[in-house]
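Novice: Starting off with a structure, shown below.
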Amino acid sequence: MKIMLLQPPSGSPISDQVFLHEPLALEYLGAGLKMDGHEVCLHDVRLDPDFETVLDEFAPALVGLTGYTNQVPVICAIADRIKALDPGIRVVVGGHHATVRPPDFNRPSIDAIVIGEGVVALREIAAHAGIPSQLGAIPGLALPGAELRFTAPRPYTLLDELPAPDRSLTVRYRRQYFSEWLKPLASIRTSLGCTARCSFCALWEITGGKYLRRSPERVVEELGAIEEKNVFFCDDESMCDVQRMDRLADLIAAVGLRKNYFLYARGDTIAQNPGLFAKWRDIGLVQVFVGMESFSQERLDGMDKRLSLEQQERAAKILEELGVTLYASFMVDPDFAPADFDSLKAYVRRLNVRHASFSILTPLPGTRLFKEREASMFPYQPRLFDFLHTTLPTRLPLREFYARFAGLITGAMPLHRSLRVLAMYDLGRIPGVLRSMSRVVDLIRNHHSDHRDEKWTGALEDEG
């Protein structure tokens, strides 16, 4: 059977300008399907919007789509278009949002929704694609109709039992995948889930609180087959199993692999294990993404972050001493007053980090925060769940809130540190980076206009 896998564009005009990771989930799906003899085409709509020509030429019997919350409208529009072009094509949607909120995909143009791990589920769907009535026997699905019908739950497959992702499916795109200055950039998954229990995150809830791991030996084998010099560990949290990552570092060193590694880690993990990060620095760790979230211990506690300001400040110092770039991420609460914006800016400067990013605290579907705040949220629009729009009422008028948010992006980092960040890019990319950043800031400043058709409370009325 011919099967087409589509990676949709982001629902935000900003995200794909800042990072564009390889569609690893689809590469896993493609590998599983090819094991069963299916012919697979992976099309990245972010880089080539004309999926219709490929659809016509390849003539698949089944199309698979994946995405996050802010991609819901895009995915639905693509599914509708596919069915309009050929009603006989089976359309299957999976991924993060399909798992946490499947009713958003209950529409005639979608034949099945995959909940949770999709590799085995999609293989089973493909085996029964010509007999839709048999889909009800496949675990881990939601089947669209007048009422969404759920099949039996599917437990997560052990990660070592999954096939290696098939990167041959993205050969024509690979040099275009990046995260800011790291380009070209490959991705690898070594674990799934998280040991933390932050209220704003659904990743630990999706796996039922379990932290699933791949064996270090399997990871090293896959790393050895990756051609790119830069590798992103797209784990939910890479370093929390300290013994496993220590073993992985030893194996990487033993086989002589030398790449630039970028991964996620919590501040407390870094603070408590400086030796582990020194070992990883020695084998190629160049950058660590740390969700520091706030300047306030009270706010950290309110997120159930289970992290102290002292720990994250210690983490910043450790990475600085090691010469590893700290990519510090902070959240802007819609309830911020002007003094909170000023305090966050001052805190970022005091930490002396080389690079900081900012997002708006967003109660994502599937999180405890969403359940707690759903009643007070603005009318549900998936496209606005991009961390650059607020989905909660703001203390400040919307125009001022977004202006101050944009001001953090442009002004939280001193000029000399911003120049150090620019110096990390290839020289030829710098003009394009500056143009993109200028466009990003302009878009954010004008985000208040995206809410004009909604029934916002006081914040919008204060606009006049």
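Rule-based calculations on the coordinates, nothing more; no lab input. All values derive from a computational prediction rather than experimental measurement. Cβ sites come from the backbone with ideal geometry, for glycine too, and all protein chains shown count toward neighbours.
Novice: Select from 30, 415, 60 the residue farthest towards the positive end of the dipole of the chain; place +1 on Cβ of Lys and Arg, -1 on Cβ of Asp and Glu, and compute about the Cα centre.
Specialist: After comparing all options, I get 415.
Novice: Could you check what % of the DSSP bridge pairs in the range 2-150 are antiparallel, to the nearest 5? Kindly include the intermediate steps, with their values, before the conclusion.
Specialist: Numbers: 4 of 21 bridges.
The antiparallel fraction comes to roughly 20 percent.
Novice: Subtracting the Cα-Cα distance from 0.36 nm times the residue separation, let me have the gained length for residue 59 to residue 47 in nm, one decimal. Show your work: numbers first, answer last.
Specialist: Values: separation 12, 0.36 × 12 = 4.32 nm, distance 2.05 nm.
Roughly 2.3 nm would be gained on extension.
Novice: If the only charges are +1 at each Lys and Arg Cβ and -1 at each Asp and Glu Cβ, what is the size of the charge dipole of the chain around the Cα centre, to the nearest 20 debye? Walk me through the numbers on the way to the answer.
Specialist: Values: 54 positive and 60 negative charges, 163 e Å.
Here the chain has a charge dipole of around 780 debye.
Novice: Relative to the present Cα-Cα distance, how much length would full extension add between residue 174 and residue 272 at 0.36 nm per residue of separation?
Specialist: Details: separation 98, 0.36 × 98 = 35.28 nm, distance 3.62 nm.
My answer for the length gained is 31.7 nm.
Novice: Sequence-distant or interchain residues sharing an amide H contact under 5 Å with residue 140, placed H: which?
Specialist: Under 5 Å from the amide H of residue 140: 151, 152, 154.
Novice: Go through 324, 116, 264 and say which Cα lies farthest out towards the positive end of the charge dipole of the chain; charges sit on Cβ, +1 for Lys and Arg, -1 for Asp and Glu.
Specialist: Projecting each Cα onto the dipole axis, the largest value belongs to 324.
Novice: Continuing with this model, one more query. Pop a pseudo-label 7 angstrom from the Cα along the beta-carbon direction at both residue 415 and residue 147 and give the gap in nm to one decimal.
Specialist: 6.6
Novice: Take every DSSP beta bridge with both residues inside the chain and express the antiparallel ones as a percent of the total, to the nearest 5.
Specialist: On the way: 9 of 50 bridges.
Looking only at bridges with both residues in the chain, the antiparallel portion is about 20 percent.
Novice: From the backbone phi of the range 345-362, what are the Karplus-calculated ³J(HN,Hα) couplings (6.51 cos²θ - 1.76 cosθ + 1.60, θ = phi - 60°) in whole Hz, Gly and Pro given as x?
Specialist: 3J(HN,Hα) across the range 345-362, in whole Hz: 4, 5, 5, 4, 5, 5, 5, 6, 6, 7, 9, 9, 10, 10, 9, 8, 4, 10.
Novice: Please compute the length gained on full extension between residue 441 and residue 372, using 0.36 nm multiplied by the number of residues separating them and subtracting their Cα-Cα distance. Present the calculation step by step, with values, prior to reporting the outcome.
Specialist: Numbers: separation 69, 0.36 × 69 = 24.84 nm, distance 3.07 nm.
Length gained between residue 441 and residue 372: 21.8 nm.
Novice: Counting pairs on different chains as well as pairs 8 or more places apart, how many Lys pairs in the chain have Cα atoms under 21 Å apart?
Specialist: The result is 15.
Novice: Sequence-distant or interchain residues sharing an amide H contact under 5 Å with residue 230, placed H: which?
Specialist: 186, 260
Novice: In whole Hz, with x marking every Gly and Pro, tabulate ³J(HN,Hα) for the range 262-267 from phi via Karplus 6.51 cos²θ - 1.76 cosθ + 1.60, θ = phi - 60°.
Specialist: Each residue of the range 262-267 in turn: 10, 8, 8, 7, 7, x Hz.
Novice: Can I ask one more? Just to be sure I understand the model, the point goes 7 Å from the Cα along the line to the Cβ. What's the resulting residue 107 to residue 359 distance in nm?
Specialist: With each label point 7 Å from Cα toward Cβ, the separation is 2.4 nm.
Novice: Turning to a different aspect of this structure: I need the shape label for the range 2-150. Rule: rounded when a/c is under 1.5, else prolate if a/b > b/c, else oblate, with a, b, c from the alpha carbon gyration tensor.
Specialist: rounded
Novice: Given a Förster distance of 30 angstrom, what is the FRET efficiency for residue 227 paired with residue 429, based on the Cβ-Cβ distance and rounded to 0.05? Each step should come with its number before you reach the end.
Specialist: On the way: r = 20 Å, r/R0 = 0.68.
Approximately 0.90, to the nearest 0.05.
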